[in-house]
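Below is one structure, written out as structure tokens; the observations come after it.
The values are calculated or read from the model by the stated rules, or taken from the named source; none is laboratory data. All of these numbers come straight from a predicted model, not from anything done at the bench. Positions of Cβ are backbone-derived with ideal geometry, glycine not excepted, and every protein chain shown enters the neighbour counts. Only protein heavy atoms, including side chains, enter the accessible area calculation; ligands, DNA and RNA are left aside. Shrake-Rupley method; radii C 1.70, N 1.55, O 1.52, S 1.80 Å.
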Amino acid sequence: MSVENSKQFMGLLLRYQTRIHTYILYQIPNRNDAEDILQDTIVTMLDKFSDFQEGTNFLAWGITIARYKILNFKQSKKSSRLLFDDELVSKFEQESEGFIENFQEEAEKLRECIVKLPPRYKNYLRLRYEQSMSYREIGKEISISMQAVHKTMARIHVALLKCLGVSSGRDLRL
């Protein structure tokens, strides 16, 4: 692959990787499995980039490759207790397309809301979601009780919901 093609691939990948990852997570809820599928998808996309026609839809191409990776993953897990028929998988795919379209916009709104939070609240979010700390671990880290962490996180979530224009958790689209 030429340097120019590498740059083109990386530019397109950086632009669309989050959407492809979201598509995979929508169908494979286990984060570790989804990460593995994303990596396999990216490797295949890189290997087949010479087949990609400039001017066509890179996102659709990447999602098509991801779809096959997901199908292969599900085939390898056939011994698993929970399997879906092809019609149901097709319905999931159709629904996920709309979800992916709105994901970037909603994620940007959330980022804007987080920026408005006080630094103390941003620290709670960083500990919880970037470092994957439990409420108990956060309490130990900042020397407060787990209950205090729970109450503060609830306040943060309410503030974010209000900023996003959601009146209650029941209005959230999951």
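With a Förster radius of 22 Å, plug the Cβ-Cβ distance of residue 33 and residue 125 into 1/(1 + (r/R0)^6) and report the FRET value to the nearest 0.05. Display every interim value, and only then the final one.
On the way: r = 25 Å, r/R0 = 1.16.
Rounded to the nearest 0.05, the efficiency is 0.30.
What's the ranking of 19-27, 113-121, 156-164, 64-72 by average number of surrounding C-beta atoms within 10 Å, highest first?
Details: 19-27: 20.6, 113-121: 12.3, 156-164: 15.0, 64-72: 17.2.
So the peptides 19-27, 113-121, 156-164, 64-72, ranked by packing, come out 19-27, 64-72, 156-164, 113-121.
Run the numbers for residue 3 and residue 57: contour at 0.36 nm per residue of separation, minus the present Cα-Cα distance, in nm. Numbers along the way, then the final one.
On the way: separation 54, 0.36 × 54 = 19.44 nm, distance 2.14 nm.
Full extension of this stretch gives 17.3 nm more.
Fully extended, how many nm does the chain gain between residue 136 and residue 48 (0.36 nm per residue separation, minus their Cα-Cα distance)? Could you put the intermediate results ahead of the total?
Working: separation 88, 0.36 × 88 = 31.68 nm, distance 4.63 nm.
Gain in length upon complete extension: 27.1 nm.
What is the spin-label model distance, in nm, from residue 18 to residue 145 if the labels are put 7 Å beyond Cα along the C-beta direction?
Roughly 3.8 nm, to one decimal.
Heavy-atom accessible area per residue, the stretch 1-60, 1.4 Å probe: how many Å²? Display every interim value, and only then the final one.
On the way: 3700 Å² over 60 residues.
I get 62 Å² per residue for this part.
Taking all protein chains in place and a 1.4 Å probe, what share, in percent, of the accessible surface of the stretch 1-73 do carbon and sulfur account for?
On the way: 2080 of 4320 Å².
Carbon-and-sulfur percentage of accessible area, whole number: 48.
For the stretch 26-33, take each phi angle, set θ = phi - 60°, evaluate the Karplus expression 6.51 cos²θ - 1.76 cosθ + 1.60, and give the result in whole Hz per residue in order, putting x for glycine and proline.
Couplings: 5, 9, 10, x, 6, 4, 5, 5 Hz.
Taking 0.36 nm per residue of separation and subtracting the Cα-Cα distance, what length does fully extending residue 71 through residue 154 add?
Working: separation 83, 0.36 × 83 = 29.88 nm, distance 3.81 nm.
Extending this stretch completely gives an extra 26.1 nm.
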